[in-house]
Every structure is written in C-alpha cells, then in structure tokens.
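Below is one structure, written out as structure tokens, with a few remarks after it.
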There are 2 protein chains.
Amino acid sequence: MLIHSASQLLTLAGGPQRGRALGTLGVIEKGAVLIRDEKIVQVGPTAELKASYPDEPSLDATGCVVMPGFVDPHTHLIWGGDRANEFEMKMAGARYLDILASGGGIISTVRATRTASIESLIAQTRPRLIRMFAHGTTTAEAKTGYGLQTATELRLLKALLALDDESPLDIAITFLGAHAIAPEFKDDPQGYTDLVCETMLPMLKEWWGTHAPKLTLPFVDVFCESQAFDLKQSRQILTKAGSLGFPLKIHADEFDNLGGASLAVELGAASADHLVKTSDADMAALGKSDTVAVALPCTPFGLAEKDYTPAHKLIEADAILALATDCNPGTSWNESMQFSIALACRYMGLTPAQAIAASTINSAHAIRRSDTIGSLEAGKQADLLILSVPDYRHLGYRYGTNLVKQVIKHGRVYSVDVGYYRSA
Amino acid sequence: MLIHSASQLLTLAGGPQRGRALGTLGVIEKGAVLIRDEKIVQVGPTAELKASYPDEPSLDATGCVVMPGFVDPHTHLIWGGDRANEFEMKMAGARYLDILASGGGIISTVRATRTASIESLIAQTRPRLIRMFAHGTTTAEAKTGYGLQTATELRLLKALLALDDESPLDIAITFLGAHAIAPEFKDDPQGYTDLVCETMLPMLKEWWGTHAPKLTLPFVDVFCESQAFDLKQSRQILTKAGSLGFPLKIHADEFDNLGGASLAVELGAASADHLVKTSDADMAALGKSDTVAVALPCTPFGLAEKDYTPAHKLIEADAILALATDCNPGTSWNESMQFSIALACRYMGLTPAQAIAASTINSAHAIRRSDTIGSLEAGKQADLLILSVPDYRHLGYRYGTNLVKQVIKHGRVYSVDVGYYRSA
C-alpha cells in the first residue's frame, strides 16, 4: 500500500534525538510511504514513489500530516474503579501526599483493584486502551502496581498480556509491585521492600517464563519518593531486578529529590520518569547516559501544580527527552499524547517539533523499541498516523480534541475520525 | 422516546444560578426523561416514568450521566486560514498584544478571511462546528469579526446563517465588526468606530430584516481593550447598537481593566466576557445585574498565561457565572466545552458541579436562551447528552478526550462515540 501526497510526511529518521538535536522531524513535503507485510518498505517524495510503484493500492493523504504513531512510554493503564470523588477534594487544595497520608489516594485504587476479577479489570481497561489508540498511540507502556500483593500483581500482568493480545495497540509491560508501600506493611516499608525482592521478583521471573515465554522480560519499576521507597530501598529493588535480567525504570523526583535519576543512570535503566525536582547533578548524569528522561506534564496539570519538568535544562544537559501521559486514576486520567504535547509546548517551553520527537522516536527509546518503531524508515513496523491537519504545528497549537484521522497499525488502516458525528 | 436508567440525570432546573447558588445540579439517580416532538415532556425517576409510559420507545442510559447539552456562549467560530506559524513564536515568549502591534495576530486572520469565498469559509468552519457538536455543544454563539469591512462582515453573517441551517447545532449569531481596528484605519481608530456606528450597524439592521426576517436580531459585541476600542468608543458602538434594538455583549478586561464590565451592566448587555483583570467595583456591578459574567479559561491556557478569571470573587459578588471556549485561531483553538470545564476546575477553583452549571443553564442565559435550553425541564427543547461515564464528576476529573457518547438535539439521537475505532 502506498500512502501518498501527504502535505508533510515526518520521518523522524536517525534514531533517538539527544540534547539540542531534539526536534529533527525530517519533513518530506508531498511525502509518501510504501508499506508491505506490516513493514515500511520505502519513504520519499510522492512523485518518486508513484513512479516506482505505479500499480500499488494507494491511500490519498492530501492535506494531511503523515507521521509515526505516538509511543506512550509511561502509563498506569490498568486499575479498578475511579477517584472522581477525590477530585473535588484535590481542587479544594489537598496535596497528593496529604491524600496519600490520609489513607486515600492510591490505596483506594488498590482496594478497588484487589477486589476486581480479571474479567472486570480487562473490561474496565479496554475502553482506555481503545481511547488511546483512537488518539494515535500505537504502542504504550503499561504498569502493574495497584495490587501491591503477589496474587493481584500477577492478575494484572495476566490481564495486560490478554489486552496486548486482543488490541491492535502494542503494550510494553512493566512490573511495578513497588508502586507504594502495601497497606499491610504501612509501618514496615523495609518488610514490603524485602517481599518485593525476595518473593515477587523471583516469582515474576518464573511466571513470565511460563506465561509469556516468547516475549522479552517486562520492565521492573519503582516509585522512589518520600512516603514510598527511599533511595536505598529503590536501589535494593532495582539491583535485584537487574540481577534477574529485568530491564529497569524508575519514578524519580516527582515531589522530592532523592537521587533516583542518578541511580537509574548508574544501573543502566531504560528511563527515569517525572523529573520535576531533579537536581543539576542528576540532570548531568542523565545527559551522559542512555537513560531516557521521561517528562509527564499531565501530572502537574492534573494536580493544578505549577512545576513542570525543566525540559530546557535537560536538553542543555544533553539528555534524551521523552513525553508520556502517565495515564492513571489519581493525578492524570488522560489517554491522549496530543494533550501531553499541548502541555509540553505551553509549560515546558517545547516547540511542536521537539514535542513530537519526544513523543515518537525518543519515547520509543524509553521502552527500548526505537529499533522497530518511533520513526518512518525502511524496515520499521508500519505504525503511523494520518492527521486531519496539513501542518505538524497544529499539534500543540490546537488542544482539547483529537486531530488523528486514521491510525495505521502493523500496516492495517483504522479510521478513527474523532469529532465527526453520524445520525443514529 | 424515553431515555431511562441514567446513573445520574442532571436537570439543572430552576433557571440561571446566581452567586453561591452555582452548582445546583438537581441530580436524579436512576433518572429518565420523556421526549416528544423535539421537546422535553417529563423528567423523573425511571420507575415512575416507565410505569406511566410503558409502551414508549426507549433508550437505555444505564451506567451513563444524562444532562443538558452544553451551551457555548462565546466563540469566534468562523475564520479563514490558521495561525500555526505564530504558535511557536508565542511559545517562545511573545505576548498577544506584541504580536498584534507587529501586524500579526488577528490581522493575519483578517487577511485570510477577507480573501476567502463564502463557500471556502463555510467549508473551513464546518469541521469546527461538527467537532463542537461531537463534544456535546448543542448550541453555540458565533461571532463575525475577522472581516472588519462591511462586505466581509456581511459575508460572514451569511455563512453563519447557512451553517446554522445545515447543522444540527443551533447558532446564536453575534456581529463583532468592532473586533479590532481595521488595518485601513490603524491611525484613525475613531474613524473606524464611526464607520461601525454610522454605516455597519444600520446596514446590518436592514440586511438582517431581509436575510433572516424570522430570527431575532443578532447580538452586537465590541472588543473593549487597549489597542482595540477604548471605553468611550465601546460606549458609542454599544449605545448605537442598543438604539437600533440589538441585544449587546462585550469583551472586557482580558489584558487591561478599562471599565467594560460596568459599561455592559449600565447598558443592560446580556454578557461581559473574559473578565481577567476586572476590578472589584466592576464585579460588584455585575453581581447586581442580569449581565452574565462569561469566563474563557482556554484563552490564558492557550497563551500559557497565569491569570484566569477570578471565579470565586465573581461568585461572592453574586454574579451569574458562565463558561465558554472562546474558540478562535489565535489564542484558543479548542472546540470542546469539556476542556473549558477541566480548566475551570483546576485554574478557577470551580467544582465539577459549578462548572457544569456554568456551561449549561448559565451559559444559555448569556445568550438569552435560558427559557428554552440549558436544563432538562418540561417544555424545554430536547437538547441533551448521554455521557460514557457514570458520575458527573468525571467531567473535569478527566481531560484530553471526549466523554460524550450520544448527543440528542431537537429530540434526534446522534451517536458520537468518540475514542472508539473501527477497522476500515
């Protein structure tokens, strides 16, 4: 299939974009892309590709931007229930850590998740996944972490594997048993840390070998923060996970600077995420590493906080910057990477081009898939978007609605046409 | 038709909500609404209505919120071109008035609008209107104002009348010839003010009688602001418009306090809009009047500015507060009232209930239609929404995507189901 005549085709070719290289879109005007057998075969000017493949079935993208599918590298996609009832409380001024301390917040979602069957968890998560896909996310990372007990965490993994199977969207799974201190261990955080290390991680290794033997191991992540896991406990968990062969991620510096980002670099983690209160030393460490700095602008927006990830400092430090939604029931129930881009432009000072690179090739690298997705290059997976706008700068400029017209995933075309009604 | 079993049916009954009364939703759990001949016949508990109308065709809203359609009382819906190219400039720090002063901003849209045919203007505006409707706006105000010359302003009016005719959404038209000083008069703002008063308004009166004799007269609006129309010129225009029988609106206090809100009250305007820099005296005047205070939170968001309309001060002053999108190509290209609600909660401190009332019954009053729309009450127009969520507090809590499942307009059902894909 030849998708042709795009007003702008964004290739994002050349691999992850470090530091000031961020924002290199590789725009081809009147661009075309040839897809066969779920892969991209060739990318170039329409005139050239039409001449080379005159009999190819074609899809006209006149007046549209064609670009790689969004890769969302940080979501807490699977949970039970909702926290609409806490929303008014937060808007009245309560802080996330206050709600956490009062036994609400994440623990209320843990309760709802533990009591939900796998069928219910899948049914509750499916609409979120579909919503993501319709907004152009063709691959998403998804974390467990609302179980905080072995059986529920494994149920979440099983549900995520089932959702990955049924959905056109690809899911990169992360085990986040260390999302918070389990309520049973609220006076013994070290006890829960030991449980994660000594019971959960070895069991996960064995379980994965049985249930998903053909897939690479999931990421192991930890929430390194005040009132969650301190730096020493985070090190203990990630070191253990690394020794078992798991690739690593970390939640660092959302509310306090504990040194999590430097720990991620030291241990060769794929990414360090949040990075709002990150120190200059931590940023310098990120800049000298292959650990991707993942900013989650929806989280401060969701909480109506003022501080966002200091993107320009990270860029100056030569880090590889990526964006994600952080989709979760507490601070950021938003499935759309387009809205992360709109925020990143306004509150992190990114240009649309920078935000797009951070949402495609760089976010693919944050889940270590930049060799197969995140750009439009020969040999890569045919995961791409046709936007209903003629200029990539409409991303960021416009907000609140969905600019994706069609999603192509593994070479198959899905029309989403969000925003258009039909009479019943 | 009986729409039944809504987890929550929000009536918003009882008319516009002044001051602290804001947020009175009139929730009926397991609610139902009976619709016949485009009107609401009865609202009440499902058990009761099902017993009274056992043979009525029915629509099951189990697990969904049913509520009045959103009324968006302030949009600049119709324009030519876009300003994606200015977006990066703004994000790099340029202010709206700086861009205006440099000949960019609104004037670039005026150029693109003047050169567009009526067919082109309709074609460019239609997708925005459809997008609004799919996001639950069943009635929208729409202003002219990118013509700034008689012929183009009348072309915009004609296009809006055509769009109102073809679209299921109702449009309340506003004449905003006084949106900015026309470029031909840049050194003679008084000359342009006189042109509006002496030529445009009388011609508008005559034109309307010929082209839309069955419709009530459009609103006349003025942009009362530094570098636009000063208070004296605003008074001159609105007084003239009032003497010709036009209902009035005003843009006031977006960037500077010129006294526009008090002028609106003095002249009995339907609304005063923006109100970011409004003085206490102006707020007190609004609170003693029937002039609705319309907040436009997408505008500071779009510009990444910090100051929003001081909603709680307006509430304490006993004003009638409403929300709108301000959809326009410069500062706020967003068609979704849901996103205005998400911002109003986070940046104006409204609860979801308050923001919903401000987006339905109060915004209907801002276009003087609260007698026919904005609430679910017997005798009103059957304009309502079925949301894909069970609790009204998901509005505001969630953002970035569309929570509307079905729109009922004049009793007719439109499925929008945004966020759900289908294979092509």
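Could you give me the percent of Cα pairs per 5 Å distance bin for region B:204-244, shortest bin first, beginning at zero and ending with the bin that holds the maximum distance?
6, 22, 23, 18, 14, 11, 6, 1
Equivalent ellipsoid semi-axes for region A:223-285, as square roots of 5 times the alpha carbon gyration tensor eigenvalues: give them largest first, rounded to whole Å.
The answer is 18, 13, 9 Å, longest axis first.
Can you give the convex hull volume per residue for the Cα atoms of region A:161-224, as a whole number of Å³?
100 Å³
Once you average over the residues of A:338-351, how many Cβ atoms of partner chains fall within 10 Å of each Cβ?
Shielding by partners across A:338-351 averages 3.
For peptide B:387-399, what's the mean number of Cβ atoms from other chains within 10 Å of each residue's Cβ?
Details: counts 0, 2, 2, 2, 4, 1, 7, 4, 2, 4, 12, 11, 10.
Mean shielding by partner chains, rounded to a whole number: 5.
I need the Debye-formula profile for chain A: one equal scatterer per C-alpha, no solvent, reported as log10 I(q)/I(0) at q = 0.08, 0.14 1/Å, two decimals.
-0.41, -1.25
Using alpha-carbon positions, what is the distance between the centroids of region B:178-244 and region A:299-331, in Å?
45 Å
Which whole-Hz couplings ³J(HN,Hα) result when phi for each residue of region B:67-75 is put into the Karplus expression 6.51 cos²θ - 1.76 cosθ + 1.60, θ = phi - 60°, listed in order with x for Gly and Pro?
So the J values, rounded to whole Hz, are 8, x, x, 5, 10, 9, x, 7, 9.
Please check: in the Gaussian network model of chain B (C-alpha springs, under 10 Å), which one of B:LEU376, B:LEU163, B:LEU385 has the largest mean-square fluctuation.
B:LEU163
How many Cβ atoms of partner chains, on average, are near each residue of B:403-410 if near means within 10 Å of its Cβ?
Going residue by residue through B:403-410 and averaging, the value is 1.
By what distance, in whole Å, do the Cα atoms of region B:92-205 stretch along each of the three principal axes, largest value first?
Per principal axis, max minus min of the Cα coordinates gives 43, 43, 22 Å.
With contacts defined as alpha carbon pairs under 8 Å and 6 or more residues apart, what's the relative contact order of region B:209-305 in percent?
Over region B:209-305, the number comes to 22 percent.
Nearest 10 degrees, 0 to 90: what angle lies between the long axis of helix A:118-134 and the longest principal axis of chain A (Cα atoms)?
That helix lies at roughly 40 degrees to the long axis.
Convert each backbone phi in region B:14-20 into a coupling constant with the Karplus relation 6.51 cos²θ - 1.76 cosθ + 1.60 (shift: θ = phi - 60°), then list the ³J(HN,Hα) values in order as whole Hz, x for Gly and Pro.
With the stated coefficients, region B:14-20 comes to x, x, x, 9, 8, x, 6 Hz.
Show log10 I(q)/I(0) for region A:1-71 at q = 0.12, 0.19, 0.24 Å⁻¹, two decimals, from a solvent-free Debye sum over equal Cα scatterers.
-0.32, -0.74, -1.05
List, shortest first and in nm to one decimal, how far the label point of A:LEU215 (7 Å from Cα along Cα→Cβ) is from its counterparts in the other copies.
5.5
Would you please give the residues with an amide H less than 5 Å from that of A:ILE408, counting only those at least 5 places away or on a separate chain, with H modeled from the backbone geometry?
Answer set, sorted by chain and number: A:LEU384, A:LEU385, A:ILE386, A:TYR414.
Mind telling me which of A:ALA353, A:ALA228, A:ALA47 comes out most flexible in a GNM of chain A, alpha-carbon contacts under 10 Å?
A:ALA47
What Kirkwood Rh does region B:326-424 have if only Cα atoms enter the pairwise 1/r average? Answer in Å.
14.8 Å
May I ask for the angle, rounded to the nearest 10°, between helix B:201-211 and the longest principal axis of chain B, with both axes built from Cα atoms and the value confined to 0 to 90°?
Taking the Cα atoms of chain B, the angle to B:201-211 is about 40 degrees.
Please state, rounded to one decimal and in Å, the Kirkwood hydrodynamic radius that region A:261-367 gives when every pair of distinct Cα atoms enters the mean of 1/r.
13.4 Å
Going 7 Å from Cα along the Cα-Cβ axis for the label, what nanometre distances separate B:ASP188 from the same residue across the other copies?
Once sorted, the set of distances for B:ASP188 reads 8.7 nm.
Which entries of B:LYS205/B:LYS380; A:LYS380/A:LYS405; A:LYS405/B:LYS143; A:LYS306/B:LYS306 have Cα-Cα distances beyond 18 Å here?
Checking Cα-Cα distances, B:LYS205/B:LYS380; A:LYS380/A:LYS405; A:LYS405/B:LYS143 exceed 18 Å.
Could you check what % of the DSSP bridge pairs in region A:70-366 are antiparallel, to the nearest 5?
About 5 percent, rounded to the nearest 5.
Can you give the three extents of the C-alpha atoms in the protein assembly as shown along their principal axes, from longest to shortest, in whole Å?
82, 66, 52
Looking at the square roots a ≥ b ≥ c of the eigenvalues of the Cα gyration tensor of region B:175-298, which shape do they give, rounded for a/c under 1.5, prolate if a/b is larger than b/c, or oblate?
Oblate, because a/c is 1.5 or more while a/b does not exceed b/c.
Check the straight Cα-Cα distances from A:LYS50 and name the lysines below 17 Å, setting aside those fewer than 8 residues away within the same chain.
Excluding near neighbours in sequence, the set is A:LYS30.
Relative to the other copies, what are the label-point distances for A:GLY245, with labels 7 Å from Cα along the C-beta vector, expressed in nm at one decimal and sorted shortest first?
8.4
Which whole-number percent gives the relative contact order of chain B, counting Cα pairs below 8 Å spaced six or more residues apart?
22 percent
Grab the alpha carbons of region A:1-127, take their convex hull, and tell me the volume per residue in Å³.
Cα-based convex hull of region A:1-127, divided per residue, equals 204 Å³.
All of the numbers you see were taken from the coordinates with simple rules; none came from a lab. What you are looking at is a predicted structure, and each value in this text was computed from that prediction instead of being measured. No Cβ is skipped: glycine too gets one built from the backbone with ideal geometry, and neighbour counts run over all protein chains shown.
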